[in-house]
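Participant: Sending over a structure as structure tokens; questions will come in a sec.
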Amino acid sequence: MAGLFIANIDFFIVNVAIPSLQRNMHATSAEIQLVAATFNIGLSAMLITGGRLGDLYGRRKVFSIGLALFTLASLACGIAPNMGELIAARAVQGAAAALVIPQVLGILTTAYQGKARAAAFNAYGITMGASAVFGQLIGGLLIKADVFGWDWRTIFLINAPIGAVVLLLTPKVVPESRAEGHTGLDWTGVILVTAGLSAVVLPLVEGREQGWPTWTWECLIASVPLLAAFWYTQRRKAARNKSPLVHPSLFEDRAFGVGVVSLLVFFAAMASFFLVLALYLQEGRGLSALQSGLLFIPLGLGFFIGSAQAPKVAAKLGKQVLTVGAVLQAAGNIALAATAWHLDSSGAVGWCVPAMVLAGFGMGFVVAPLASLVLEGVAPQHAAAASGVFSTAQEMGNAIGIAVIGVVFFGVAGHHGSAHTYAHAFGASLFVQAGICVLVAALVQLLPRKAQTP
């Protein structure tokens with residue numbers, strides 16, 4: 001969980017450092033975009049390959065290699081003398097995180113059974129959610145502390161001692177596991193899926209900021225034949241009893257197929273929620289990164305309470321625990337939108353707290369049990385590969401949600417937003433996100449009746 005936390009939080013925490021980066025490194029807006037984009041693209045494009053490497057060569061081994069690379073890349077980010085080296089280090093950091101994250105679920109799937117596995121998956125969901133919910137708060141605290149005058153560099157350098165400790169403990173406490181047999185890596189699949197996913201994520205990450213130029217649409221169009229060719233090669237290799245990167249049999253399990261789609265849709269709402277909340281609090285209400293980060297605490301409180309209650313509710317309601325969570329999050333979003341609309345620029349932002357607690361509670365009901373629901377029927381030999389698909393769906397959901405909701409938010413706020421326009425942009429975005437949550441509740445109904453969290 002420690003390795004997962006530091007690998008996942010870097011997706012969110014870097015946004016807090018943007019003002020400091022622009023000031024201290026004299027960074028252009030394009031360079032700032034690349035600091036986030038290179039990490040996201042490296043992570044999204046490599047997750048499936050990273051998962052399969054764990055199945056083939058050992059999940060603990062690949063976890064350790066990935067964590068070592070991530071730690072070194074974090075150190076390189078922290079000491080980067082210029083933006084070019086920082087951007088390059090971020091790309092390596094994203095690819096290294098893609099080696100770490102899929103192994104975690106793969107290891108949990110093979111190391112635990114029954115109720116112990118359910119508890120482990122619940123811990124996984126809580127860790128993923130906590131890294132997202134508290135990313136801004138942790139980043140704000142680190143930058144505010146300004147240890148040794150490191151300013152923004154602290155958010156990267158903090159990973160070095162944590163990564164070193166986790167690396168020392170891993171051989172002692174984490175069991176090794178791999179798929180039976182030992183076949184080579186499907187390089188055709190690696191090339192096709194990496195190119196296809198990059199062609200999706202790159203325009204989604206960069207498109208809105210650049211005004212959706214022609215190349216973004218060309219990339220999205222090119223992704224269709226690339227991903228179609230990837231799926232065709234996977235089916236052919238499976239039919240010939242070879243070793244595909246992603247075995248098509250994974251999607252024969254309806255719980256896995258529908259669950260992955262539900263995951264993608266849910267994280268489209270969740271990641272974009274953090275984006276528009278931070279924009280509203282900092283740009284619309286004039287709060288600092290630390291002040292806005294502190295207002296994420298009620299969201300986190302609701303999330304942890306929901307996560308703690310989710311297993312008990314799941315034992316009674318099965319898959320419908322996800323429906324309850326999605327509806328509660330939608331209700332929290334609508335209540336938060338209504339609150340923001342009724343606050344003027346001098347209104348106490350504390351009135352948003354109850355709605356944030358409710359939204360966080362709904363998130364906890366979905367995130368905590370979702371991993372066990374999606375992965376409970378996966379064969380052990382495909383554990384890390386399935387985890388790679390799971391994590392890729394999450395990252396794709398992040399990118400799609402931020403791109404779509406970003407268009408809504410900035411379309412309403414305009415180029416020179418005021419407190420009034422930011423409040424309306426925030427509310428409009430929340431209503432779209434509430435609709436996405438309702439769609440998740442509908443998708444859950446497509447899961448098989450027997451689909452329950454263990």
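Nothing in this text is a laboratory measurement; each read-out follows from the coordinates by a stated rule. No experiment lies behind these values; they were computed from the predicted model shown. Because the Cβ atoms are built from the backbone with ideal geometry, glycine has one as well, and the counts that use them run over all protein chains shown.
Participant: Helix-derived [θ] at 222 nm for the chain: sum -39500 (n - 2.57) over DSSP H runs of at least 4, divide by residue count, nearest 500?
Facilitator: Working: 18 runs with 350 residues, N = 454.
So the calculated ellipticity at 222 nm is -26500 deg cm²/dmol.
Participant: With a 10 Å radius around each residue's Cβ, average the other Cβ atoms per peptide and rank 107-114, 392-399, highest first. Write out the running numbers ahead of the final one.
Facilitator: Values: 107-114: 17.6, 392-399: 24.8.
By packing density, highest mean first, the sequence is 392-399, 107-114.
Participant: Could you point to the label whose value was computed as Cα extents along the principal axes in Å for the structure here, given [x] 65, 53, 47; [y] 82, 66, 46; [z] 78, 66, 43?
Facilitator: The calculated read-out lines up with [x].
Participant: How do 321-330, 219-228, 124-133 rank on mean C-beta neighbours within 10 Å, highest first? Could you put the intermediate results ahead of the total?
Facilitator: Working: 321-330: 25.1, 219-228: 15.3, 124-133: 22.5.
Taking the mean over residues of other Cβ atoms within 10 Å, the ranking is 321-330, 124-133, 219-228.
Participant: State the percent of C-alpha pairs, over all pairs in the stretch 186-244, separated by a distance greater than 19 angstrom. Provide the component values of the computation, followed by the final result.
Facilitator: Values: 642 of 1711 pairs.
Everything past 19 Å amounts to 38 percent.
Participant: Using a Cα-Cα cut-off of under 16 Å, which lysines could be cross-linked to residue 61, ignoring same-chain neighbours fewer than 8 residues away?
Facilitator: 172
Participant: For the chain, list the DSSP H helices whose alpha carbon atoms reach 24 Å or more along the long axis and whose average Kyte-Doolittle value is 1.6 or above?
Facilitator: Numbers: long enough: 29-57 (41 Å, 0.83); 59-79 (30 Å, 1.23); 83-111 (41 Å, 1.32); 114-133 (28 Å, 0.51); 187-206 (28 Å, 1.76); 214-239 (39 Å, 0.23); 254-279 (38 Å, 2.23); 297-317 (29 Å, 1.00); 320-342 (33 Å, 1.06); 353-375 (34 Å, 2.07); 383-413 (44 Å, 1.43); 419-444 (37 Å, 1.53).
Membrane-span-like by this rule: 187-206, 254-279, 353-375.
Participant: Using only the alpha-carbon atoms of the stretch 70-196, report the extent along each of the three principal axes, biggest first, to the nearest angstrom.
Facilitator: Principal extents (Cα only, largest first): 50, 38, 28 Å.
Participant: Determine which lysines satisfy two conditions relative to residue 316: a Cα distance under 28 Å, and not lying fewer than 8 residues away in the same chain.
Facilitator: Partners found: 115, 450.
Participant: Now a separate question. Calculate the FRET efficiency for residue 242 and residue 220 from the Cβ-Cβ distance with a Förster distance of 22 Å, rounded to the nearest 0.05. Could you put the intermediate results ahead of the total?
Facilitator: On the way: r = 30 Å, r/R0 = 1.38.
The computed FRET efficiency comes out at 0.15.
Participant: In what sequence do 440, 407 fall when counting other Cβ within 10 Å, fewest first? Numbers along the way, then the final one.
Facilitator: Details: 440 27, 407 15.
Fewest-to-most Cβ neighbours within 10 Å comes out as 407, 440.
Participant: Still on this structure, I have one more. Counting other beta carbons within 10 Å of each residue's own, what order do 146, 10, 253 fall into, fewest first?
Facilitator: On the way: 146 13, 10 26, 253 19.
By the 10 Å Cβ count, ascending, the order reads 146, 253, 10.
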